1. Within the range 136-167, track down each residue that is buried (at least 17 other Cβ atoms within 10 Å of the Cβ), assigned to a helix (DSSP H, G or I) and either under 12 Å from the mean Cα position of the chain (by Cα) or at pLDDT below 95 (or both).
2. For the range 77-99, how many residues are at pLDDT 95 or above and more than 15 Å from residue 60 (Cβ to Cβ)?
3. Just to check your reading of the model, which residue among 74, 52 is in contact (Cβ under 8 Å) with a residue 40 or more places away in the chain, closer than 21 Å to residue 145 by Cα and more than 14 Å from the chain's Cα centre (by Cα)?
4. Looking at the structure I just gave you, is residue 47 more than 21 Å from residue 131 (Cβ to Cβ), modelled with pLDDT of 95 or more and either touching a strand residue (DSSP E or B) at 6+ places or on another chain (Cβ under 6 Å) or surrounded by fewer than 19 Cβ atoms within 10 Å (Cβ to Cβ) (or both)?
5. Of all residues in the range 220-234, which are in contact with a strand residue (DSSP E or B) (Cβ under 6 Å, 6 or more places away or on another chain) and surrounded by fewer than 16 Cβ atoms within 10 Å (Cβ to Cβ)?
6. Might you let me know whether the range 93-101 holds any residue that is closer than 27 Å to residue 214 by Cβ and touching a strand residue (DSSP E or B) at 6+ places or on another chain (Cβ under 7 Å)?
7. If a residue has to be part of a strand (DSSP E or B) and under 15 Å from the mean Cα position of the chain (by Cα) to count, how many in the range 117-135 make the cut?
8. Please indicate, with yes or no, whether at least one residue in the range 59-66 is in contact with a helix residue (DSSP H, G or I) (Cβ under 6 Å, 6 or more places away or on another chain), closer than 25 Å to residue 135 by Cβ and at pLDDT below 95.
């Protein structure tokens with residue numbers, strides 16, 4: 001089981017390395033340009049104090065870290081990701097000294113206990129092998145009273161729009177992904193992982209089981225995106 005988890009992680013890391021150059025463009029296209037407003041909301045929900053310390057898990061190209069500095073110019077951000085290709089793209093664009101880039105595993109964060117005022121992640125949780133362990137690590141490294149904010153896709157809700165959303169996931173995104181990146185497999189996996197992902201209620205229960213308080217879920221984009229927020233108790 002351990003080797004299977006490592007093999008899956010290596011495949012996902014390789015996939016993100018391949019699509020790193022076009023990742024931000026594809027995000028903009030897939031979200032119809034709403035991704036920036038969601039990042040603003042994530043950082044707003046993090047409630048960073050003045051000159052606060054933020055951990056951005058699965059930082060990718062650093063777009064959430066960039067938004068953190070835009071809203072909180074005196075903050076310090078550690079971006080952790082397993083994909084060196086994604087971080088290289090981000091580091092070439094984002095040269096602020098207040099962002100430090102670090103290769104690392106979301107299931108074993110290279111950070112001391114209670115060392116951050118907030119922990120955020122974007123599109124991490126559906127790609128990890130152990131959701132509970134991922135949140136356990138985030139709880140470990142955030143200070144008591146600190147916030148954990150998770151931006152993630154959600155499976156389409158059962159409503160009148162579900163057939164259209166599934167068509168978008170199964171047909172449109174792979175076609176656009178192949179056209180923009182030349183990588184059909186990546187943009188088949190990403191929407192499929194959304195469709196098969198756990199519902200928000202299940203993720204919220206996992207967060208609560210790890211001791212987080214005030215767990216709240218906002219659903220966005222016809223219910224296909226979610227922002228989960230919670231606080232580590234004192």
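The values are calculated or read from the model by the stated rules, or taken from the named source; none is laboratory data. Source: prediction; values computed, not measured. Don't worry about glycine lacking a Cβ; one is built from the backbone with ideal geometry, like all the others, and counts go over all protein chains shown.
1. Of everything in the range 136-167, just one residue is buried (at least 17 other Cβ atoms within 10 Å of the Cβ), assigned to a helix (DSSP H, G or I) and either under 12 Å from the mean Cα position of the chain (by Cα) or at pLDDT below 95 (or both), namely 165.
2. Result for the range 77-99: 0.
3. The match here is 52.
4. Yes: the conditions hold for residue 47.
5. 233, 234
6. No, there is no match, as no residue in the range 93-101 is closer than 27 Å to residue 214 by Cβ and touching a strand residue (DSSP E or B) at 6+ places or on another chain (Cβ under 7 Å).
7. Summing the residues that are part of a strand (DSSP E or B) and under 15 Å from the mean Cα position of the chain (by Cα) in the range 117-135 gives 5.
8. There is no residue in the range 59-66 that is in contact with a helix residue (DSSP H, G or I) (Cβ under 6 Å, 6 or more places away or on another chain), closer than 25 Å to residue 135 by Cβ and at pLDDT below 95.
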